[in-house]
Structure formats: structure tokens, C-alpha cells
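Below is one structure, written out as C-alpha cells; comments come after it.
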Amino acid sequence: MKLKYFSHSSFQVTTDSGLILLIDPFLDDNPTSPARSKDINADYIILTHGHADHIGDAFKIAERCNPLFICVNELAHYCSDKGFRTHAMHIGGAHLFDFGRLKFTIAHHGSMTPDNTYAGEPAGVLLTIDRKTVYHTGDTALFYDMKLIGEMTPIDYMLLPIGDNFTMGIDDAVKAVELASPQVAIPIHYNTFPVIEVNPAEFVDKVVASGSKAQMMSYGEEIVL
């Protein structure tokens, strides 16, 4: 499996069999993204919640590729009403897809689409693919149940926001790593806008000092998990 970081909260997962999953593809209006929607394909699009910087360019991509949207029930209905294929789920529920297992977790945030439609509960995403588990926490505050999530599903890579203001800041994110105990923590959701400008190296240093492992991914970087 390969994991590619476009910046902000946007990732591409490519399975060993060649299936492509996009998570929160915010590209064209994202000043930090090296990619543009016209160049991106997808078999699946996973949305953590309805905010504009997470739905992003999902519909542009879907018009070309006809992917399956996977999101919480209310947001899935919103996407379905736009004419796209959807698989509706909800917090705590899991489903086995042809790429692997997906489970939605809680996330403490909000969720409303750009046209002010209520989009259900925000979510984090546990993806277990090709014998690896990736936990994309979505936009969230720190919460103690991250400890339970990590105990029930051992996490290889944890993708978590550090930009503060709208989500966890660095110190809360370091605590989240302590609770969930992933093999590797990767910071996301920072430096896209002035209000969330932080130094990701500070997060990495603090995680390492606490006895865990962290790494920064450059915008556009792809790693093999």
C-alpha cells in the first residue's frame, strides 16, 4: 500500500492491487497542494465531514471517475442527491470493501456543506488495507477514547491535525499519540491558512521526546507502508 500526502488533510491511498482511494481531496483552492483535481483519479472517495476544505474537489473528480463515496449517512445522502454513487455508514460502524475494512470513529468538530446543508456527524477513519491500519482522525479535538480506538485496532500510521484553532494543536496532538499508541504519527491540517500556521517539526520533536515515532510528509510525497 502507498500513502500520498497532498497537504492539509488530503491523502491518496493506493492498494497493492491498484485501487485508488482519496480522503478529503481539497486541491484546487488549496494554496499548499502541489496537485490539481484534473490530474487525480479515484475508485473511492472518503469524506470525513462536509466542510469546504474537506469536500474540496470531490465532485469534480467524481464527475470524471464515477467513484464510490464513503461517508456518514447524512453526507452520503447529500452526495447521492448530487448524482453520485454512495455507501452510507455511521460512527462506530465498519464495512468490508474490496480494498479492505473501513470503520468510522468519532471526531469532535462540526460538519456542514459549503451550501449550509447539515452533513451529519464529523468522523475519523480507520482503514485496514494490505495488512496495515491507517487512522485518519479527521478534524478533531483531543478525546480520551483515542486510547480505546488504539487498543481495539492497533494503528500503524496515525494522521492527526496539529494546526490548532479549528482542531487539536501540537500539545494536544502529542497527547493523542500517547493515547492511541500508533507505530508512526504524521501531522496534518497545518499551514494551509494563516490561522493554522504552526511548525510541524515541533510536533515531531515532542512525539519523539515522549518515546513514540513521528515523521513529516512533504506536500506531494508518497511513502510505501
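Please pick out the residue among Asp39, Asp57, Asp130 that is more than 24 Å from Val224 (Cα to Cα) and not hydroxyl-bearing (Ser, Thr, Tyr). Show your work before the answer.
Numbers: Asp39 fails: more than 24 Å from Val224 (Cα to Cα); Asp130 fails: more than 24 Å from Val224 (Cα to Cα).
Every option except Asp57 fails the conditions.
Any idea which of Asp53, Asp57, Asp39 is closer than 24 Å to Tyr118 by Cα, among the charged types (D, E, K, R), out of contact with any strand residue (DSSP E or B) (no Cβ under 6 Å at 6 or more places or on another chain) and free of Cβ contacts under 8 Å to residues at least 40 places away in the same chain?
Asp57
If I go through the range 183-192 residue by residue, how many of them are in a loop (DSSP other than H, G, I, E, B) and either touching a Leu at 6+ places or on another chain (Cβ under 9 Å) or modelled with pLDDT under 95 (or both)?
1
Name the single residue that is farthest from Val224 (Cα to Cα) among those in the range 96-127 being surrounded by fewer than 14 Cβ atoms within 10 Å (Cβ to Cβ) and touching a residue at least 24 places away in the same chain (Cβ under 8 Å).
Looking at residues that are surrounded by fewer than 14 Cβ atoms within 10 Å (Cβ to Cβ) and touching a residue at least 24 places away in the same chain (Cβ under 8 Å), I get Tyr118.
Please work out which residue is surrounded by the most Cβ atoms within 10 Å (Cβ to Cβ), limiting yourself to the range 18-51 and to residues that are of a type in the set (D, E, K, R) and closer than 19 Å to Gly100 by Cβ.
Asp24
Test of understanding: among Val195, Val204, Val174, which residue is outside any strand (DSSP E or B), in contact with a Pro (Cβ under 9 Å, 6 or more places away or on another chain) and of a type in the set (A, V, I, L, M, F, W, C)?
Selected residue: Val204, the only one of Val195, Val204, Val174 that is outside any strand (DSSP E or B), in contact with a Pro (Cβ under 9 Å, 6 or more places away or on another chain) and of a type in the set (A, V, I, L, M, F, W, C).
Might you let me know whether the range 2-10 holds any residue that is out of contact with any Leu (no Cβ under 7 Å at 6 or more places or on another chain), among the charged types (D, E, K, R) and free of Cβ contacts under 8 Å to residues at least 12 places away in the same chain?
So far as the range 2-10 goes, no, none of its residues is out of contact with any Leu (no Cβ under 7 Å at 6 or more places or on another chain), among the charged types (D, E, K, R) and free of Cβ contacts under 8 Å to residues at least 12 places away in the same chain.
The values are calculated or read from the model by the stated rules, or taken from the named source; none is laboratory data. Computed from a predicted model, the values in this text were never measured in an experiment. With ideal geometry, Cβ positions are generated from the backbone for all residues, glycine too; neighbour counts draw on all protein chains shown.
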